[in-house]
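The values are calculated or read from the model by the stated rules, or taken from the named source; none is laboratory data. Just so you know, these numbers come straight off a predicted model, no measurement behind them. For neighbour counting, all protein chains shown are included, and Cβ atoms are generated from backbone atoms with ideal geometry for every residue, glycine included.
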Amino acid sequence: MKIYDVTRTINPNLAAWPGDTPFSAKIILDMDEGTAVNLTTLTLSSHLGTHVDAPYHFVNDDITMEKVPLETYV
């Protein structure tokens, strides 16, 4: 079976659903500034970019994402 990768690259220009949290990446520690490690905080919605919604996203009494069989999407 051939599998096609339709993944969108996450970046600050990627549109978020209206009212949802947009993507941001903030460097907290930077080795170029003398810190021991590089550390970045990411802020994003689970609905950003390429993703799959579980039935629970639309129906309160349906299954959540961790219960959806992977085979459903392959």
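Here are a few things to note about the model shown:
- Among residues of the range 52-74, those that are surrounded by 12 or more Cβ atoms within 10 Å (Cβ to Cβ), of a type outside the set (Ser, Thr, Tyr) and outside any loop (DSSP other than H, G, I, E, B), counted: 3
- Candidates 49, 34, filtered to the one that is at pLDDT below 90 and either of a type outside the set (Lys, Arg) or surrounded by 11 or more Cβ atoms within 10 Å (Cβ to Cβ) (or both): 49
- Odd one out for residue 45, checked against (1) in a loop (DSSP other than H, G, I, E, B); (2) more than 30 Å from residue 3 (Cβ to Cβ); (3) touching a residue at least 12 places away in the same chain (Cβ under 8 Å): (2)
- Output for the range 37-46, where each listed residue is aliphatic (A, V, I, L, M), out of contact with any Phe, Trp or Tyr (no Cβ under 9 Å at 6 or more places or on another chain) and loosely packed, with under 11 Cβ neighbours inside 10 Å: 37
- All positions within the range 1-31 that are surrounded by 10 or more Cβ atoms within 10 Å (Cβ to Cβ) and not in a loop (DSSP other than H, G, I, E, B): 24, 25, 27, 28, 29, 31
- Close pairs from the range 58-74: first closer than 21 Å to residue 7 by Cβ, partner hydrophobic (A, V, I, L, M, F, W, C) and modelled with pLDDT under 90, Cβ under 8 Å, at least 6 apart: 65/52; 65/54; 68/52; 68/54; 73/52; 74/1; 74/3
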